[in-house]
Structures are given as structure tokens and as C-alpha cells.
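Inspection log for the structure reproduced underneath, given as C-alpha cells.
The values are calculated or read from the model by the stated rules, or taken from the named source; none is laboratory data. A quick note: this is a predicted structure, and the numbers were derived from the prediction, not measured. So basically every Cβ, Gly included, is an ideal-geometry build from the backbone, and we count neighbours across all protein chains shown. What goes into the accessible areas is simple: the full protein's heavy atoms, side chains included, and nothing from ligands, DNA or RNA. Shrake-Rupley method; radii C 1.70, N 1.55, O 1.52, S 1.80 Å.
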Amino acid sequence: MSVSDEELVHLAIEARDHAYVPYSHFSVGAALLTSGGTVYQGCNIENAAYTPSNCAERTAFFKAVYEGERSFSAIAVVGGAEGQAISDWCAPCGVCRQVMREFCDPDHFCIILARSEHEYRSTLLREILPESFGPDTLERAETTTTHSGEEG
Ligand code: THU
């Protein structure tokens with residue numbers, strides 16, 4: 001059974017309630033859809049030392065990867081002041097975009113942003129992370145090295 005964008009947004013809103021945000025008081029929720037139709041929810045989890053804080057998107061990805069998932073089709077992300085309904089778009093931070101790039105095809109992976117339960121829009125990873133560095137960059141370099149080695 002496939003999960004609609006609207007359902008995914010609903011699951012991200014639900015996930016936001018689990019956020020641990022005693023420092024920023026900005027809670028974020030994410031719902032990550034695998035190619036097989038399973039959804040992994042995530043929230044942001046902050047830390048007194050600040051740097052170890054984890055974003056909602058990465059919580060969802062790391063939960064999924066731990067469970068053996070490697071293929072994803074979309075993620076819904078919502079965020080806003082703790083204890084209040086969402087009212088503005090919350091785009092993934094740069095670090096989370098890079099984590100998406102590790103596992104997702106930039107031309108197909110959808111990022112769904114919502115500023116209310118029924119107001120959402122979808123974009124592709126390629127759009128929010130152009131000219132990106134990913135596993136294929138290293139693979140291409142490896143191939144080049146092997147070839148030049150053979151020729152030399
Ligand atoms: N945050 C996320 O969870 N996802 C993002 O992509 C943007 C930022 C969190 C990190 C921190 O806990 C809070 O929002 C304020 O930056």
C-alpha cells in the first residue's frame with residue numbers, strides 16, 4: 001500500500017510531538033518513506049553540549065538504516081516553535097541534505113515541506129542540493145585511478 005504525501009505530512013506532524021528541545025524550543029518532525037512503503041518517523045533530539053544534537057531527518061534516516069533499509073522515496077519535514085502548531089516551512093539543514101545524498105537518488109528523492117496539515121509542497125533532492133558530493137563521486141574517482149594505473 002502506498003503512502004500519500006498528505007499522510008506522510010501527518011506522520012511528520014505526529015513525530016514532532018516526540019522532539020526533545022530544551023535549548024532551542026524549536027521542534028521538528030520527519031517521516032521517511034522507504035521504496036517498500038514503510039515509514040520511519042524522527043524528531044530532533046538536543047543536547048546540553050549543543051553539538052551532539054540530532055535533527056529530525058537524521059533520526060529518521062538512522063533508525064531506518066539500522067533496520068536494514070537502504071532505498072527511500074520521500075521524506076516529509078515540519079518544524080516550528082515548541083508547543084505550537086506549524087505555520088511556516090522548515091527546510092532540511094545542510095547536514096541532513098548530505099545524509100539524504102548518501103542513500104537517495106537526487107533526481108527521484110522527494111522532500112515534502114508543510115506549513116500546515118493540508119498545505120504542503122514537494123521538491124527534489126537535486127533542487128535543494130545541487131552540484132553535490134556523493135558515493136558516486138568516490139566511485140568515479142576510483143575507476144579513473146584504476147584506468148590510469150592500467151594505462152601506465
Ligand atoms: N533542526 C532539525 O531537526 N532539522 C533541520 O533540518 C533543521 C534544524 C533542529 C535542530 C535543532 O534541534 C533545532 O531544529 C533548532 O535548530
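When Gln98 is tested against the conditions (1) closer than 19 Å to Gly134 by Cβ; (2) of a type in the set (S, T, N, Q); (3) more than 15 Å from the ligand (Cβ to nearest atom); (4) in contact with a Gly (Cβ under 9 Å, 6 or more places away or on another chain), the lone failure is (3). Taking the criterion of being near the ligand (Cβ under 10 Å from one of its atoms), surrounded by fewer than 18 Cβ atoms within 10 Å (Cβ to Cβ) and not small (Gly, Ala, Ser), the residues of segment 23-51 that qualify are Tyr23, His25, Phe26, Ile45, Asn47, Tyr50. Scan segment 116-127 for residues that are surrounded by 18 or more Cβ atoms within 10 Å (Cβ to Cβ) and of a type outside the set (Ser, Thr, Tyr) and jot them down. Selection gives Leu125 alone.
Inside segment 54-66, residues that are without any contact (Cβ under 8 Å) to a residue 12 or more places away in the chain and within 12 Å of the ligand (Cβ to nearest atom) make up a count of 1. Taking the criterion of being aliphatic (A, V, I, L, M) and over 15 Å from the mean Cα position of the chain (by Cα), the residues of segment 30-71 that qualify are Ala48, Ala49.
Would you point out the residue of segment 67-94, among those that are near the ligand (Cβ under 8 Å from one of its atoms) and farther than 18 Å from Glu14 by Cβ, that is surrounded by the fewest Cβ atoms within 10 Å (Cβ to Cβ)?
Per the stated criteria, the residue is Ala91.
Considering segment 60-152, the qualifying strands (runs of 3 or more DSSP E), each wholly inside and each with 2 or more residues that are touching a Lys or Arg at 6+ places or on another chain (Cβ under 9 Å), run over 72-81, 110-116.
Looking only at residues of segment 95-108 that are open to solvent by 70 Å² or more (accessible area, probe 1.4 Å) and within 11 Å of the chain's Cα centre (by Cα), we find that the one that is farthest from Tyr23 (Cα to Cα) is Glu102.
Of all residues in segment 1-22, exactly one satisfies the criterion of being open to solvent by 40 Å² or more (accessible area, probe 1.4 Å), within 11 Å of the ligand (Cβ to nearest atom) and either of a type in the set (Phe, Trp, Tyr) or in contact (Cβ under 8 Å) with a residue 40 or more places away in the chain (or both), namely Tyr20.
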